1. Could you please find all residues in region A:76-85 being facing chain B (nearest Cβ under 9 Å) and either assigned to a helix (DSSP H, G or I) or over 15 Å from the mean Cα position of the chain (by Cα) (or both)?
2. Against the condition within 12 Å of chain A (Cβ to nearest Cβ) and either among the small types (Gly, Ala, Ser) or under 14 Å from residue B:47 (Cβ atoms) (or both), how does residue B:101 come out, does it pass?
3. Residue by residue through region A:64-75, note down the ones that are away from chain B (no Cβ under 11 Å) and within 13 Å of the chain's Cα centre (by Cα).
4. Can you tell me how many residues within region B:1-30 are of a type outside the set (Ser, Thr, Tyr), without any contact (Cβ under 8 Å) to a residue 24 or more places away in the chain and open to solvent by 50 Å² or more (accessible area, probe 1.4 Å)?
5. Tell me whether region A:33-53 contains one or more residues that are closer than 19 Å to residue B:107 by Cα, out of contact with any Phe, Trp or Tyr (no Cβ under 6 Å at 6 or more places or on another chain) and more than 11 Å from every other protein chain (Cβ to nearest Cβ).
6. Looking for something open to solvent by 30 Å² or more (accessible area, probe 1.4 Å), assigned to a helix (DSSP H, G or I) and more than 9 Å from chain B (Cβ to nearest Cβ) - is there at least one such residue anywhere in region A:86-94?
Amino acid sequence: MDIDVERKNETLIAKVTGRVDSANAREFEQALSGAIGDDSKVILDLGALSYISSSGLRVLLLVAKALRNKGAEFALCSLSDPIREVFEISGFDKIIPIYGSLMEVMED
Amino acid sequence: MNLKRSLRFASDLRELERIQSVIKELEKEADWPPDLVYQVNLVLEELVVNVINYGYGGDPNHEIEIDLNWEADKLTVEIVDDAPAFNPLKDNPEPDLTSKLENRPIGGLGIYLVHHLMDEIKYRREQGRNHLTLIKRREK
């Protein structure tokens, strides 16, 4: 799992590549919390995420809650179909905005 | 085509990589679609992690068995462990999927995902062991 971070205006864009599972969920959590600063908007680009289990979903929920508490916006984009299905089963699509592509989030 | 794989491994989270490599073999040999590869990996991780963390309380000195059987119309997976009886069809609380973000509890999704991604789940306790059978039918 790798996270590449860039900032555009007041927005942090973090691109996640590879797998997030029980073995590296803690590392994923630390990397994300380390990357997120005082940004008013955070976008996770999951286009290159090949696998995520419930341990990774747990981290995303923690991050979403922390950002909500700070009054920052949080969105996800570019999920593959099987990963999107898992987000829908988990009801995450109702609490975290999910966009088709990075361009769509940036324009919103 | 009928393909079978059996694995026996220690109740240690580091063994998850072995499960992944067996699924990778099946993906190649049986030409599994990416959706199925993801779903089978996910379901096995959720169940095995559950057995290791809750069934064995993190003790790595037990053994877990997995049998995979790929047939013309379906995939059957059986997971066997000697942890205390746990029937994921009955003993697992439904997660809260409707609360607002602020109130949504963290966790509890693993077994729920298994229920939704598999077509059939059967549980039996036999000679002091849990046998969980999962069936995923092939899409026509």
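1. A:81, A:82, A:83, A:85 - these are the residues of region A:76-85 that are facing chain B (nearest Cβ under 9 Å) and either assigned to a helix (DSSP H, G or I) or over 15 Å from the mean Cα position of the chain (by Cα) (or both).
2. Working: within 12 Å of chain A (Cβ to nearest Cβ): yes; either among the small types (Gly, Ala, Ser) or under 14 Å from residue B:47 (Cβ atoms) (or both): no.
No: the conditions fail for residue B:101.
3. Passing the criteria: A:73, A:75.
4. The total comes to 7.
5. The answer is yes, given that some residue of region A:33-53 is closer than 19 Å to residue B:107 by Cα, out of contact with any Phe, Trp or Tyr (no Cβ under 6 Å at 6 or more places or on another chain) and more than 11 Å from every other protein chain (Cβ to nearest Cβ).
6. There is at least one residue in region A:86-94 that is open to solvent by 30 Å² or more (accessible area, probe 1.4 Å), assigned to a helix (DSSP H, G or I) and more than 9 Å from chain B (Cβ to nearest Cβ).
The values are calculated or read from the model by the stated rules, or taken from the named source; none is laboratory data. Here the structure is a predicted model, which means the values were calculated and not measured. All Cβ positions, even for glycine, are placed from backbone atoms using ideal geometry, and neighbour counts span all protein chains on display. What goes into the accessible areas is simple: the full protein's heavy atoms, side chains included, and nothing from ligands, DNA or RNA. Shrake-Rupley method; radii C 1.70, N 1.55, O 1.52, S 1.80 Å.
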